[in-house]
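First the structure, in the form of C-alpha coordinates, and then the observations on it.
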Amino acid sequence: MYDRLQAVEDRYDELNELLSDPDVVSDPKRLRDLSKEQSGITATVEAYREYKNVNAQIDETKELLSEKLDDEMREMAKEEFAELQKEKAELEERLKLLLVPKDPNDDKNVILEIRGAAGGDEAALFAGDLFRMYSKYAESRGWKVEIMDANPTGIGGYKEIIAMMNGNDAFSRMKYENGAHRVQRVPETESGGRIHTSTATVAILPEAEEVEIELHDKDIRTDTFASTGAGGQSVNTTMSAVRLTHIPTGIVVSMQDERSQLKNKDKAMKVLRARVYDKFEREAREEYDANRKSAVGTGDRSERIRTYNYPQNRVTDHRIGLTIQKLDQIMEGKLDEVIDALILEDQTSKLEHLNDAN
(Lines give C-alpha, C1' and ligand atoms only; values in the text may rest on other atoms or scores of the structure.)
Protein backbone atom coordinates (compact mmCIF):
# COMPACT_ATOMS: atom_id res chain seq x y z
CA MET A 1 0.00 0.00 0.00
CA TYR A 2 2.82 2.40 0.94
CA ASP A 3 4.60 1.95 -2.40
CA ARG A 4 1.37 2.98 -4.12
CA LEU A 5 0.98 5.99 -1.83
CA GLN A 6 4.54 7.10 -2.51
CA ALA A 7 3.90 6.76 -6.24
CA VAL A 8 0.79 8.95 -5.90
CA GLU A 9 2.79 11.60 -4.01
CA ASP A 10 5.55 11.52 -6.64
CA ARG A 11 2.93 12.00 -9.37
CA TYR A 12 1.43 14.91 -7.42
CA ASP A 13 4.82 16.65 -7.29
CA GLU A 14 5.30 15.98 -11.00
CA LEU A 15 1.89 17.51 -11.75
CA ASN A 16 2.83 20.62 -9.78
CA GLU A 17 5.81 21.12 -12.06
CA LEU A 18 3.82 20.40 -15.21
CA LEU A 19 1.09 22.88 -14.26
CA SER A 20 3.68 25.68 -14.16
CA ASP A 21 5.13 24.68 -17.54
CA PRO A 22 4.36 27.39 -20.17
CA ASP A 23 3.63 24.71 -22.80
CA VAL A 24 0.94 23.21 -20.55
CA VAL A 25 -0.51 26.59 -19.54
CA SER A 26 -0.96 27.47 -23.22
CA ASP A 27 -2.83 24.20 -23.94
CA PRO A 28 -6.33 24.53 -22.37
CA LYS A 29 -7.26 20.85 -22.78
CA ARG A 30 -4.03 19.52 -21.28
CA LEU A 31 -4.15 22.11 -18.51
CA ARG A 32 -7.70 21.07 -17.64
CA ASP A 33 -6.86 17.34 -17.71
CA LEU A 34 -3.77 17.71 -15.53
CA SER A 35 -5.57 20.04 -13.09
CA LYS A 36 -8.39 17.50 -12.80
CA GLU A 37 -5.88 14.69 -12.19
CA GLN A 38 -4.12 16.70 -9.50
CA SER A 39 -7.42 17.61 -7.84
CA GLY A 40 -8.36 13.92 -7.80
CA ILE A 41 -5.28 12.89 -5.77
CA THR A 42 -4.90 15.93 -3.50
CA ALA A 43 -6.85 14.38 -0.59
CA THR A 44 -4.78 11.18 -0.81
CA VAL A 45 -1.47 13.08 -0.82
CA GLU A 46 -2.52 15.28 2.11
CA ALA A 47 -3.56 12.23 4.16
CA TYR A 48 -0.33 10.39 3.26
CA ARG A 49 1.82 13.35 4.31
CA GLU A 50 -0.12 13.58 7.57
CA TYR A 51 0.46 9.84 8.04
CA LYS A 52 4.24 10.24 7.53
CA ASN A 53 4.27 13.14 9.99
CA VAL A 54 2.46 11.05 12.62
CA ASN A 55 4.95 8.21 12.08
CA ALA A 56 7.83 10.62 12.62
CA GLN A 57 6.23 11.82 15.87
CA ILE A 58 5.80 8.20 16.99
CA ASP A 59 9.52 7.56 16.40
CA GLU A 60 10.42 10.69 18.38
CA THR A 61 8.15 9.63 21.25
CA LYS A 62 9.65 6.13 21.27
CA GLU A 63 13.10 7.67 21.50
CA LEU A 64 11.94 9.91 24.32
CA LEU A 65 10.53 6.93 26.24
CA SER A 66 13.88 5.15 25.98
CA GLU A 67 15.53 7.99 27.91
CA LYS A 68 15.61 8.56 31.66
CA LEU A 69 12.45 10.50 32.54
CA ASP A 70 10.71 11.45 35.74
CA ASP A 71 7.35 9.79 36.38
CA GLU A 72 5.28 12.76 35.22
CA MET A 73 7.16 13.16 31.93
CA ARG A 74 7.03 9.41 31.26
CA GLU A 75 3.27 9.37 31.83
CA MET A 76 2.81 12.31 29.45
CA ALA A 77 4.95 10.62 26.80
CA LYS A 78 2.94 7.38 27.15
CA GLU A 79 -0.33 9.26 26.71
CA GLU A 80 1.03 11.05 23.65
CA PHE A 81 2.28 7.74 22.23
CA ALA A 82 -1.18 6.15 22.67
CA GLU A 83 -2.87 9.12 20.96
CA LEU A 84 -0.43 8.98 18.04
CA GLN A 85 -0.98 5.24 17.60
CA LYS A 86 -4.74 5.82 17.50
CA GLU A 87 -4.31 8.62 14.96
CA LYS A 88 -2.04 6.39 12.86
CA ALA A 89 -4.63 3.58 12.78
CA GLU A 90 -7.39 6.02 11.73
CA LEU A 91 -5.19 7.44 8.95
CA GLU A 92 -4.38 3.94 7.69
CA GLU A 93 -8.09 3.17 7.33
CA ARG A 94 -8.68 6.50 5.61
CA LEU A 95 -5.78 5.89 3.21
CA LYS A 96 -7.15 2.46 2.30
CA LEU A 97 -10.44 4.05 1.27
CA LEU A 98 -8.64 6.81 -0.65
CA LEU A 99 -6.77 4.16 -2.64
CA VAL A 100 -10.04 2.56 -3.77
CA PRO A 101 -10.32 3.36 -7.50
CA LYS A 102 -12.58 6.37 -8.00
CA ASP A 103 -15.41 6.33 -10.51
CA PRO A 104 -14.22 8.76 -13.22
CA ASN A 105 -17.81 10.00 -13.61
CA ASP A 106 -18.26 11.01 -9.95
CA ASP A 107 -17.58 14.72 -10.51
CA LYS A 108 -19.98 15.00 -13.43
CA ASN A 109 -23.42 16.51 -13.69
CA VAL A 110 -26.39 14.17 -14.04
CA ILE A 111 -29.07 13.60 -16.63
CA LEU A 112 -32.03 12.18 -14.71
CA GLU A 113 -34.68 10.19 -16.58
CA ILE A 114 -37.83 8.96 -14.79
CA ARG A 115 -40.54 6.91 -16.47
CA GLY A 116 -43.80 5.49 -15.18
CA ALA A 117 -43.69 1.71 -15.67
CA ALA A 118 -46.22 -0.86 -14.40
CA GLY A 119 -49.39 0.61 -12.96
CA GLY A 120 -50.87 3.05 -15.47
CA ASP A 121 -51.92 6.41 -14.02
CA GLU A 122 -50.64 5.48 -10.56
CA ALA A 123 -47.17 4.72 -12.01
CA ALA A 124 -47.16 8.13 -13.68
CA LEU A 125 -48.13 9.80 -10.39
CA PHE A 126 -45.34 7.93 -8.64
CA ALA A 127 -42.88 9.11 -11.31
CA GLY A 128 -43.96 12.65 -10.47
CA ASP A 129 -43.45 11.99 -6.74
CA LEU A 130 -39.94 10.67 -7.41
CA PHE A 131 -39.06 13.73 -9.47
CA ARG A 132 -40.31 15.99 -6.67
CA MET A 133 -38.24 13.98 -4.14
CA TYR A 134 -35.07 14.30 -6.22
CA SER A 135 -35.71 17.99 -6.86
CA LYS A 136 -35.96 18.65 -3.13
CA TYR A 137 -32.82 16.58 -2.52
CA ALA A 138 -30.97 18.59 -5.18
CA GLU A 139 -32.12 21.82 -3.55
CA SER A 140 -30.79 20.66 -0.17
CA ARG A 141 -27.36 20.05 -1.75
CA GLY A 142 -27.29 23.29 -3.71
CA TRP A 143 -27.65 21.63 -7.12
CA LYS A 144 -29.52 23.25 -9.98
CA VAL A 145 -32.31 21.25 -11.66
CA GLU A 146 -33.43 22.03 -15.21
CA ILE A 147 -36.31 20.13 -16.83
CA MET A 148 -35.20 19.22 -20.34
CA ASP A 149 -38.33 17.40 -21.52
CA ALA A 150 -41.52 16.14 -19.92
CA ASN A 151 -44.56 14.12 -20.93
CA PRO A 152 -47.16 14.91 -18.24
CA THR A 153 -50.45 13.12 -17.71
CA GLY A 154 -53.78 14.81 -17.18
CA ILE A 155 -53.90 13.88 -13.48
CA GLY A 156 -50.57 15.39 -12.46
CA GLY A 157 -47.90 12.75 -12.98
CA TYR A 158 -45.44 12.03 -15.76
CA LYS A 159 -45.22 9.27 -18.30
CA GLU A 160 -41.63 10.45 -18.68
CA ILE A 161 -39.53 13.36 -17.44
CA ILE A 162 -35.90 14.21 -18.24
CA ALA A 163 -33.92 16.75 -16.24
CA MET A 164 -30.36 17.95 -15.83
CA MET A 165 -28.80 18.17 -12.34
CA ASN A 166 -25.81 20.50 -12.08
CA GLY A 167 -23.73 20.54 -8.92
CA ASN A 168 -20.76 19.24 -6.97
CA ASP A 169 -20.66 15.43 -6.65
CA ALA A 170 -24.08 15.08 -8.31
CA PHE A 171 -23.28 11.81 -10.08
CA SER A 172 -21.30 10.37 -7.15
CA ARG A 173 -24.45 10.46 -5.01
CA MET A 174 -27.26 10.09 -7.55
CA LYS A 175 -25.77 7.05 -9.37
CA TYR A 176 -27.19 4.71 -6.71
CA GLU A 177 -30.74 5.66 -7.73
CA ASN A 178 -30.43 3.78 -11.05
CA GLY A 179 -33.08 1.06 -11.26
CA ALA A 180 -36.74 0.17 -10.75
CA HIS A 181 -38.53 1.81 -7.82
CA ARG A 182 -41.73 0.22 -6.44
CA VAL A 183 -44.52 1.94 -4.53
CA GLN A 184 -47.20 0.30 -2.37
CA ARG A 185 -50.11 2.57 -1.47
CA VAL A 186 -53.82 3.26 -1.93
CA PRO A 187 -54.11 5.27 -5.17
CA GLU A 188 -56.09 8.51 -5.17
CA THR A 189 -58.17 6.98 -7.96
CA GLU A 190 -59.03 3.89 -5.84
CA SER A 191 -62.34 4.21 -4.03
CA GLY A 192 -62.21 0.80 -2.33
CA GLY A 193 -59.13 1.54 -0.24
CA ARG A 194 -57.09 -1.31 -1.69
CA ILE A 195 -53.30 -1.10 -1.72
CA HIS A 196 -51.84 -1.16 -5.22
CA THR A 197 -48.28 -1.81 -6.32
CA SER A 198 -46.83 0.32 -9.12
CA THR A 199 -43.34 0.93 -10.45
CA ALA A 200 -41.28 3.65 -12.07
CA THR A 201 -37.80 3.39 -13.54
CA VAL A 202 -35.00 5.84 -12.84
CA ALA A 203 -31.97 6.24 -15.11
CA ILE A 204 -28.99 8.26 -13.92
CA LEU A 205 -26.62 9.20 -16.75
CA PRO A 206 -23.37 11.15 -16.33
CA GLU A 207 -23.29 14.20 -18.56
CA ALA A 208 -20.77 13.47 -21.34
CA GLU A 209 -18.62 16.24 -22.72
CA GLU A 210 -17.89 16.50 -26.42
CA VAL A 211 -14.25 15.58 -25.86
CA GLU A 212 -15.31 12.30 -24.22
CA ILE A 213 -17.81 11.08 -26.79
CA GLU A 214 -17.63 12.36 -30.34
CA LEU A 215 -20.84 12.08 -32.31
CA HIS A 216 -20.34 12.45 -36.06
CA ASP A 217 -23.00 14.27 -38.11
CA LYS A 218 -23.09 11.41 -40.62
CA ASP A 219 -24.14 9.03 -37.81
CA ILE A 220 -27.11 11.14 -36.66
CA ARG A 221 -30.48 11.40 -38.41
CA THR A 222 -32.47 14.50 -37.49
CA ASP A 223 -36.27 14.64 -37.82
CA THR A 224 -38.48 17.59 -36.91
CA PHE A 225 -42.17 17.55 -36.04
CA ALA A 226 -44.83 19.67 -34.34
CA SER A 227 -44.84 19.60 -30.53
CA THR A 228 -47.83 18.01 -28.78
CA GLY A 229 -49.08 18.34 -25.24
CA ALA A 230 -50.73 15.90 -22.88
CA GLY A 231 -53.45 13.94 -24.61
CA GLY A 232 -51.98 14.63 -28.04
CA GLN A 233 -53.34 18.12 -28.61
CA SER A 234 -51.13 20.44 -30.63
CA VAL A 235 -49.42 23.11 -28.53
CA ASN A 236 -47.16 24.47 -31.23
CA THR A 237 -47.97 24.56 -34.91
CA THR A 238 -44.32 25.15 -35.90
CA MET A 239 -41.97 22.20 -36.45
CA SER A 240 -40.02 22.89 -33.24
CA ALA A 241 -39.83 19.35 -31.82
CA VAL A 242 -36.68 17.40 -32.68
CA ARG A 243 -35.95 13.68 -32.89
CA LEU A 244 -32.32 12.54 -33.11
CA THR A 245 -31.40 8.97 -34.04
CA HIS A 246 -27.86 7.72 -33.52
CA ILE A 247 -27.65 5.23 -36.37
CA PRO A 248 -24.74 3.04 -35.09
CA THR A 249 -26.45 2.31 -31.74
CA GLY A 250 -30.13 2.87 -32.63
CA ILE A 251 -30.52 5.26 -29.69
CA VAL A 252 -33.35 7.76 -30.22
CA VAL A 253 -33.93 11.02 -28.34
CA SER A 254 -36.97 13.28 -28.83
CA MET A 255 -37.18 16.77 -27.36
CA GLN A 256 -40.11 19.19 -27.54
CA ASP A 257 -40.03 21.17 -24.30
CA GLU A 258 -38.78 24.40 -25.91
CA ARG A 259 -40.56 26.46 -28.58
CA SER A 260 -37.25 26.86 -30.38
CA GLN A 261 -36.11 24.01 -32.67
CA LEU A 262 -32.49 25.02 -32.04
CA LYS A 263 -32.89 24.82 -28.25
CA ASN A 264 -34.65 21.45 -28.52
CA LYS A 265 -31.85 20.12 -30.72
CA ASP A 266 -29.20 21.36 -28.27
CA LYS A 267 -30.95 19.62 -25.37
CA ALA A 268 -31.49 16.47 -27.42
CA MET A 269 -27.77 16.36 -28.26
CA LYS A 270 -26.86 16.53 -24.56
CA VAL A 271 -29.16 13.60 -23.78
CA LEU A 272 -28.04 11.64 -26.85
CA ARG A 273 -24.38 12.12 -25.97
CA ALA A 274 -25.06 10.96 -22.39
CA ARG A 275 -27.02 7.88 -23.54
CA VAL A 276 -24.36 6.82 -26.07
CA TYR A 277 -21.61 7.38 -23.48
CA ASP A 278 -23.62 5.37 -20.93
CA LYS A 279 -24.11 2.51 -23.41
CA PHE A 280 -20.37 2.26 -24.07
CA GLU A 281 -19.65 2.51 -20.34
CA ARG A 282 -22.07 -0.29 -19.48
CA GLU A 283 -20.65 -2.52 -22.20
CA ALA A 284 -17.14 -1.92 -20.87
CA ARG A 285 -18.31 -2.88 -17.36
CA GLU A 286 -19.92 -6.17 -18.41
CA GLU A 287 -16.73 -8.22 -18.25
CA TYR A 288 -15.76 -6.65 -14.92
CA ASP A 289 -19.20 -7.23 -13.43
CA ALA A 290 -19.12 -10.87 -14.57
CA ASN A 291 -16.08 -11.37 -12.37
CA ARG A 292 -17.27 -9.31 -9.41
CA LYS A 293 -20.92 -8.61 -8.62
CA SER A 294 -21.10 -5.51 -6.44
CA ALA A 295 -23.51 -5.43 -3.51
CA VAL A 296 -24.66 -2.06 -4.80
CA GLY A 297 -25.74 -2.30 -8.42
CA THR A 298 -25.72 0.88 -10.48
CA GLY A 299 -25.99 -0.50 -13.99
CA ASP A 300 -29.03 -2.72 -14.47
CA ARG A 301 -32.14 -0.57 -14.71
CA SER A 302 -34.46 -3.58 -14.63
CA GLU A 303 -33.20 -4.33 -11.11
CA ARG A 304 -35.80 -3.52 -8.43
CA ILE A 305 -33.78 -1.50 -5.98
CA ARG A 306 -36.25 0.05 -3.55
CA THR A 307 -39.81 -0.21 -2.21
CA TYR A 308 -41.79 2.73 -0.81
CA ASN A 309 -44.57 1.42 1.47
CA TYR A 310 -46.97 4.24 2.35
CA PRO A 311 -49.28 2.47 4.84
CA GLN A 312 -46.31 1.60 7.06
CA ASN A 313 -44.28 4.77 6.35
CA ARG A 314 -41.45 2.43 5.33
CA VAL A 315 -38.68 2.51 2.73
CA THR A 316 -36.63 -0.61 1.98
CA ASP A 317 -33.51 -0.66 -0.16
CA HIS A 318 -33.27 -4.26 -1.34
CA ARG A 319 -29.60 -4.13 -2.38
CA ILE A 320 -28.26 -3.69 1.14
CA GLY A 321 -31.27 -4.81 3.20
CA LEU A 322 -31.81 -1.33 4.66
CA THR A 323 -35.26 -0.52 6.06
CA ILE A 324 -36.15 2.94 7.39
CA GLN A 325 -39.48 4.02 8.89
CA LYS A 326 -39.17 7.56 7.50
CA LEU A 327 -40.96 7.45 4.16
CA ASP A 328 -42.58 10.85 4.76
CA GLN A 329 -39.15 12.48 5.28
CA ILE A 330 -37.52 10.67 2.37
CA MET A 331 -40.25 11.79 -0.04
CA GLU A 332 -39.44 15.35 1.08
CA GLY A 333 -35.92 14.88 -0.29
CA LYS A 334 -34.12 13.76 2.89
CA LEU A 335 -32.20 11.01 1.09
CA ASP A 336 -28.77 11.33 2.70
CA GLU A 337 -29.32 8.53 5.23
CA VAL A 338 -30.09 6.05 2.44
CA ILE A 339 -27.40 7.28 0.03
CA ASP A 340 -24.71 7.41 2.74
CA ALA A 341 -25.48 3.76 3.60
CA LEU A 342 -25.19 2.79 -0.08
CA ILE A 343 -21.87 4.64 -0.43
CA LEU A 344 -20.48 2.92 2.68
CA GLU A 345 -21.53 -0.51 1.39
CA ASP A 346 -20.04 0.23 -2.02
CA GLN A 347 -16.73 1.45 -0.56
CA THR A 348 -16.52 -1.55 1.79
CA SER A 349 -17.14 -3.94 -1.10
CA LYS A 350 -14.51 -2.26 -3.26
CA LEU A 351 -12.02 -2.26 -0.38
CA GLU A 352 -12.53 -5.98 0.17
CA HIS A 353 -11.97 -6.55 -3.55
CA LEU A 354 -8.80 -4.43 -3.41
CA ASN A 355 -7.50 -6.42 -0.43
CA ASP A 356 -8.26 -9.72 -2.22
CA ALA A 357 -6.38 -8.50 -5.28
CA ASN A 358 -3.36 -7.69 -3.10
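In this structure, does residue 2 turn out to be under 35 Å from the mean Cα position of the chain (by Cα), among the hydroxyl-bearing types (Ser, Thr, Tyr) and open to solvent by less than 60 Å² (accessible area, probe 1.4 Å)? Lay out the reasoning, then the answer.
On the way: under 35 Å from the mean Cα position of the chain (by Cα): yes; among the hydroxyl-bearing types (Ser, Thr, Tyr): yes; open to solvent by less than 60 Å² (accessible area, probe 1.4 Å): no.
Considered against the rule, which asks whether it is under 35 Å from the mean Cα position of the chain (by Cα), among the hydroxyl-bearing types (Ser, Thr, Tyr) and open to solvent by less than 60 Å² (accessible area, probe 1.4 Å), residue 2 comes out as no.
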Identify the single condition in (1) open to solvent by 70 Å² or more (accessible area, probe 1.4 Å); (2) touching a residue at least 12 places away in the same chain (Cβ under 8 Å); (3) part of a helix (DSSP H, G or I); (4) within 30 Å of residue 274 (Cβ to Cβ) that residue 35 does not satisfy, given that it satisfies every other one.
(1)
Of all residues in the range 94-126 being of a type in the set (Val, Ile, Thr) and surrounded by 19 or more Cβ atoms within 10 Å (Cβ to Cβ), which is farthest from residue 144 (Cα to Cα)?
114
Given (1) under 21 Å from the mean Cα position of the chain (by Cα); (2) in contact (Cβ under 8 Å) with a residue 24 or more places away in the chain, residue 104 misses just (2)
Looking only at the range 256-285, which residues are closer than 16 Å to residue 221 by Cα and either open to solvent by less than 80 Å² (accessible area, probe 1.4 Å) or in contact with a Ser or Thr (Cβ under 8 Å, 6 or more places away or on another chain) (or both)?
261, 264, 265, 267, 268, 269, 270, 271, 272, 273, 275, 276
Of the criteria (1) within 30 Å of residue 147 (Cα to Cα); (2) open to solvent by less than 40 Å² (accessible area, probe 1.4 Å), which one residue 91 fails
(1)
Residues of the range 188-220 satisfying the condition of being at pLDDT below 75 and in contact with a Phe, Trp or Tyr (Cβ under 6 Å, 6 or more places away or on another chain):
213
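Does the range 302-328 hold any residues that are touching a residue at least 12 places away in the same chain (Cβ under 8 Å) and on the phi > 0 side of the Ramachandran plot, and which are they? Can you show your working first?
Residues of the range 302-328 that are touching a residue at least 12 places away in the same chain (Cβ under 8 Å), as a first pass: 302-315, 317-320, 322, 324-328.
Answer for the range 302-328, where residues must be touching a residue at least 12 places away in the same chain (Cβ under 8 Å) and on the phi > 0 side of the Ramachandran plot: just 313.
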Positions within the range 95-143 being at pLDDT below 85, farther than 27 Å from residue 184 by Cβ and in a helix (DSSP H, G or I), in sequence order:
96, 97, 98
Identity of the residue in the range 144-166, modelled with pLDDT of 90 or more and open to solvent by less than 20 Å² (accessible area, probe 1.4 Å), that ends up farthest from the chain's Cα centre (by Cα)
161
Consider residue 323 against the criteria (1) open to solvent by 60 Å² or more (accessible area, probe 1.4 Å); (2) at pLDDT below 90: it satisfies all of them except one. Which criterion is unmet?
(2)
Being among the charged types (D, E, K, R) and within 25 Å of residue 242 (Cα to Cα) is the filter here, so list the residues in the range 127-166 that pass it.
144, 146, 149, 159, 160
State all residues of the range 139-165 that are basic (Lys, Arg) and farther than 17 Å from residue 257 by Cβ; if no residue qualifies, say none.
141
Considering residues that are surrounded by 11 or more Cβ atoms within 10 Å (Cβ to Cβ) and either out of contact with any Lys or Arg (no Cβ under 8 Å at 6 or more places or on another chain) or acidic (Asp, Glu) (or both), the number found within the range 60-78 is 11
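The values are calculated or read from the model by the stated rules, or taken from the named source; none is laboratory data. Since the model is a prediction, treat every value here as computed from it, not as a measurement. Here the Cβ is made from the backbone with ideal geometry for all residues, glycine too, and neighbour counts use every protein chain on show. In case anyone asks, the SASA skips ligands and DNA or RNA and just uses the protein heavy atoms, side chains included. Shrake-Rupley method; radii C 1.70, N 1.55, O 1.52, S 1.80 Å.
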